[in-house]
1. Across region 116-170, how many lysine pairs separated by 8 or more positions, or lying on different chains, have Cα atoms within less than 17 Å?
2. Could you state the angle between the C-alpha long axis of helix 10-34 and the longest principal axis of the C-alpha atoms of the chain, as a value from 0 to 90 degrees rounded to the nearest 10?
3. For region 1-102, what value does the Rg/Rh ratio take when both radii are computed over Cα atoms and Rh is the Kirkwood radius, given to two decimals?
4. When only C-alpha pairs under 8 Å and at least 6 residues apart count, what is the relative contact order of region 11-67, in percent?
5. If every alpha-carbon in region 48-114 counts as one equal scatterer, what log10 I(q)/I(0) does Debye give at q = 0.18, 0.19, 0.29 1/Å?
6. Please list Glu111, Glu41 from largest to smallest accessible area, probe radius 1.4 Å, with all protein chains kept in place.
7. Could you work out the Rg to Rh ratio of the chain, with Rh taken as the Kirkwood radius (inverse of the mean 1/r over all Cα pairs)?
8. For helix 51-63, report the angle its Cα long axis makes with the longest principal axis of the Cα atoms of the chain; keep it between 0 and 90° and round to the nearest 10°.
Amino acid sequence: MPDFLLIVDEDAVLEVMRLVGGEDAVNIVKFLMKNPSKSDEEIASALGMNVKDVRRILHKLIDYSLLTYDVAKDKDTGHRIFRWRVQQDQVLGYIKTQIRRMVERLKAKLEYEQSHQFYYCGTKGCRKYTFEEAVDKLFRCPVCGNMLNYYDNSKLIEALKQKLQVLEKSI
Ligand SMILES: [Zn+2]
């Protein structure tokens, strides 16, 4: 088992593939993890897919450097054959980049939550307003018309901190 699977589990890898190329990409990657160095045609016939669709997804994944290939020459036809493999360390790098971005977004959100007071009407689906916004709306929700009351966001802040801790540990 490659090392990175111990750090980032296989589900996370497949989730990245799903984001990049949808369910078909997940199936192709699952197949290539078990059967490395297969050609477009072999992948297509094993998965019962159209070769054109397989190639489209392979090229999408290679754009993100998530796959790599070796080129061989067919002895009979002389055509070039591409044999595909999952680029596992690149997948890890890609996941780490995504996690780093998530950490940045969460930090910004935490900073925002910590530096503002919020007012909320309590209606599901309505948004929360900062103090300045609530003053501007005369403490009435412009959507449902209920009063905007002080909203304690300390639980949200705690949850954000915990999430950040987990994510930062994983990179
Ligand atoms: Zn409301």
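The values are calculated or read from the model by the stated rules, or taken from the named source; none is laboratory data. Note that this is a predicted model, so its numbers are computed, not measured. As a convention, Cβ positions derive from the backbone with ideal geometry for all residues, glycine included, and neighbour counts pool all protein chains shown. Side chains are part of the model used for accessible areas, which takes the heavy atoms of the whole protein and leaves out ligands, DNA and RNA. Shrake-Rupley method; radii C 1.70, N 1.55, O 1.52, S 1.80 Å.
1. Working: Lys128/Lys137; Lys128/Lys155; Lys155/Lys163; Lys161/Lys169.
Pairs that pass both the separation and distance tests number 4.
2. Roughly 30 degrees, rounded to the nearest 10.
3. Values: Rg = 14.0 Å, Rh = 14.0 Å.
Looking at region 1-102, the ratio lands at 1.00.
4. Working: 37 pairs, mean separation 18.4, N = 57.
Dividing the mean separation by the residue count of region 11-67 yields 32 percent.
5. Evaluating at q = 0.18, 0.19, 0.29 Å⁻¹ gives log10 I(q)/I(0) of -0.81, -0.85, -1.16.
6. Details: Glu111 115, Glu41 95 Å².
So, going from the largest accessible area down, we get Glu111, Glu41.
7. Values: Rg = 24.2 Å, Rh = 19.7 Å.
Rg/Rh: 1.22.
8. With both axes taken from Cα atoms, the answer is about 60 degrees.
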